[in-house]
Amino acid sequence: MAHIESTSGGRKTSLEVNLVPFIDLMSVLITFLLITAVWTQVSMIQIGSSIYGKKSDSTPPPIPQDADVVLKLEIRPNGYLLNVGKEVITIPMVSNEYDEAGLIDRLKKAKEQHPNKTDGAIAMSDDLPYERLIKGMDAMLKSGFPAISVLTGGPY
């Protein structure tokens, strides 16, 4: 037990601090740390595998043909902005509704131009509802872009 003495204004105060609950808490935390350390190591091994298959020391995985083409969809309060490579396409709102059919049509045209392209990025301003992001992701999936990255951290 820990013992603390203090004096204030001529009065002597004695206080004993019970350390048993603190020791119990620390033993539980150490046990939890040791158990979860094993699972962290296992998940790190699974994540380390290559997205193109098993890693080999002899040859690097082939780079897809359209890997350098940027496909980015920005969802804005006034409509969509689609970047396909250096081309910038604006898809405005139609009668205060987002033109999802027009977006899917433009994404399918981009897929026809770059048939090997499977990835794309999507960004949305923070003041729009979350459903807009989901509908944009659905449009990209329907158009043949299954590898979607969500960009965050700034006004778009």
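Once region 85-107 is narrowed to residues that are of a type in the set (A, V, I, L, M) and more than 26 Å from the chain's Cα centre (by Cα), the residue that is nearest to Thr118 (Cα to Cα) is Ala101.
Taking region 1-89 as the region of interest, the strands (runs of 3 or more DSSP E) fully inside it that hold 1 or more residues being modelled with pLDDT of 80 or more, in contact with a strand residue (DSSP E or B) (Cβ under 9 Å, 6 or more places away or on another chain) and of a type in the set (A, V, I, L, M, F, W, C) are 11-17, 71-76, 79-84. The set of residues in region 69-80 that are farther than 17 Å from Leu141 by Cα and either small (Gly, Ala, Ser) or in contact (Cβ under 8 Å) with a residue 24 or more places away in the chain (or both) comprises Val69, Arg76, Pro77, Gly79.
Among the residues of region 83-102, the one identified as closer than 20 Å to Asp127 by Cβ, surrounded by 15 or more Cβ atoms within 10 Å (Cβ to Cβ) and of a type in the set (A, V, I, L, M, F, W, C) is Ile91. Residue-level check: of (1) within 19 Å of Ala147 (Cα to Cα); (2) surrounded by 14 or more Cβ atoms within 10 Å (Cβ to Cβ); (3) charged (D, E, K, R), Asp68 misses just (2). For first residues located in region 111-130 and in the same structural domain as Pro146 (by TED's automatic domain parsing) and farther than 21 Å from Asn78 by Cβ, partners that are surrounded by 13 or more Cβ atoms within 10 Å (Cβ to Cβ) and of a type in the set (Ser, Thr, Tyr) and lie 6+ apart or on another chain with Cβ distances below 7 Å form the pairs Lys111/Ser143.
The values are calculated or read from the model by the stated rules, or taken from the named source; none is laboratory data. Treat the numbers as computed from the prediction; the structure is a model and nothing was measured. Glycine also receives a Cβ, built like all others from the backbone with ideal geometry; neighbour counts cover every protein chain displayed.
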